[in-house]
Amino acid sequence: MSMPNTIKNLARVMMTAKFSYRPFSKLKSKNSWNPNAQDWMTTANKMGWSQPPSTPADYAFLSAIINNANARVLYVAAGQGCMIFRIFAFSDTPPIVHTVELHQKHLDDITQTLAENMPEDKCRNFIPQQGNIHETEFPPQFFEYICERNLLHFSTGAQIGALYKKYFTWLTPRGKLFSSGNSPFTKLNKETGILASIEENEKQGKPFPGEINNFGELVTLHNPEVGKRLPALMNFLTPPILKPVAKKAGFTEFHGGFSPLPFFKNPNNPSAEAAAALVRLDPQDQDHGKEFYWTTQTKPPQLR
């Protein structure tokens, strides 16, 4: 049996596109709607954007679950649904997708968009749940795959450690966790001196050197207009920071790296360019390409 064309195209993109978003946006859904149209929509709390796939972890996650009808998936913090829409638009037989999202409006909007563009039997595979992932529980060995993006950097080190233990418990043997988010290496952090402070914390051996409890206040000193929109807590992360956390939780395989945040253009949201420019480093900078970290972790097989 030949592989569906959408999966062939996705595989080709993964091998040749160097994880750039632009080629992926050219994939055509078998439905009449464009799942890319919801990209870079501002989240309900105005703290960020619903970001299109951009890292190796994102593409590995999509490759693993599209048309994987037997898989049970947890997608954490769905935002405006740009990843959810891709899963269903490119799957003839979608997996069962659970999501935990803080804002009920996001869940209502995603559910409505799916209902308007998908057959009812496919929509039943989307199971939304409003809540905070730190306070949510699922049965042990419930999911084959977990994906969380742009979440951990809004969490304390203690919360991250506890969450990784939860993820490990919820995953089946050989289950995989895909993660990506903000690294310290941003234009904003460099210009405000925050990056230098984080690097000093790292030299001192702090387990979470990028954990800052007055981030918005610090940015306000340099850029009041930007700082007033930012949260107090930010925890900038890298794969080396997360590796011991994953190991302590029980994961035995770990892969990680950095990816540039692509310069997206979305006619439905002109602020996308401003959002990208806020975190991009100058192309001449030696750290260009480290705006986002990505990691994948694998739960070991059961010992017999």
(request) Mind checking which strands (runs of 3 or more DSSP E) fall wholly inside the stretch 33-131 and carry at least 3 residues that are in the same structural domain as residue 145 (by TED's automatic domain parsing), at pLDDT below 90 and among the aromatic types (Phe, Trp, Tyr)? (result) none
(message) Quick check on the stretch 93-101. Is at least one of its residues in contact (Cβ under 8 Å) with a residue 60 or more places away in the chain and among the hydroxyl-bearing types (Ser, Thr, Tyr)?
(response) no
(message) When you check residue 218 against the structure, is it touching a Ser or Thr at 6+ places or on another chain (Cβ under 8 Å), farther than 28 Å from residue 57 by Cα and surrounded by 13 or more Cβ atoms within 10 Å (Cβ to Cβ), yes or no?
(response) yes
(request) Keeping to the stretch 196-216, report how many residues are farther than 13 Å from residue 182 by Cα and assigned to a loop (DSSP other than H, G, I, E, B). (result) 8
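Residues are listed down the side, and each one gets a yes or a no for (1) modelled with pLDDT of 90 or more; (2) aliphatic (A, V, I, L, M); (3) in the same structural domain as residue 179 (by TED's automatic domain parsing); (4) closer than 18 Å to residue 150 by Cα:
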| position | (1), (2), (3), (4) |
| --- | --- |
| 207 | yes, no, no, no |
| 212 | yes, yes, no, yes |
| 215 | yes, no, no, yes |
| 228 | no, no, no, no |
| 248 | yes, no, yes, no |
| 262 | no, no, yes, yes |
| 270 | no, no, yes, no |
| 304 | no, no, no, no |
(message) Can you tell me which of (1) at negative phi; (2) outside any helix (DSSP H, G or I) is the one residue 174 doesn't meet?
(response) (1)
(request) Using the structure shown, decide if residue 154 is surrounded by fewer than 22 Cβ atoms within 10 Å (Cβ to Cβ), within 15 Å of the chain's Cα centre (by Cα) and farther than 30 Å from residue 68 by Cα. (result) yes
(request) Answer yes if at least one residue in the stretch 163-172 is among the aliphatic types (A, V, I, L, M), out of contact with any helix residue (DSSP H, G or I) (no Cβ under 6 Å at 6 or more places or on another chain) and without any contact (Cβ under 8 Å) to a residue 12 or more places away in the chain, and no otherwise. (result) no
(message) Name the single residue that is surrounded by the fewest Cβ atoms within 10 Å (Cβ to Cβ) among those in the stretch 107-122 being within 17 Å of residue 91 (Cα to Cα) and of a type in the set (S, T, N, Q).
(response) 111
(request) Any chance you could count how many residues in the stretch 169-189 are out of contact with any strand residue (DSSP E or B) (no Cβ under 9 Å at 6 or more places or on another chain) and either modelled with pLDDT of 95 or more or within 20 Å of residue 61 (Cα to Cα) (or both)? (result) 2
(request) Take the stretch 168-215 and flag every residue that is surrounded by fewer than 17 Cβ atoms within 10 Å (Cβ to Cβ) and of a type in the set (A, V, I, L, M, F, W, C). (result) 196
(message) I'd like the full set of residues that are closer than 17 Å to residue 176 by Cα and out of contact with any helix residue (DSSP H, G or I) (no Cβ under 7 Å at 6 or more places or on another chain), limited to the stretch 84-98.
(response) 96, 98
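The values are calculated or read from the model by the stated rules, or taken from the named source; none is laboratory data. Source: prediction; values computed, not measured. Using ideal geometry, Cβ is built from the backbone for each residue, glycine included, and neighbour counts are taken over all protein chains shown.
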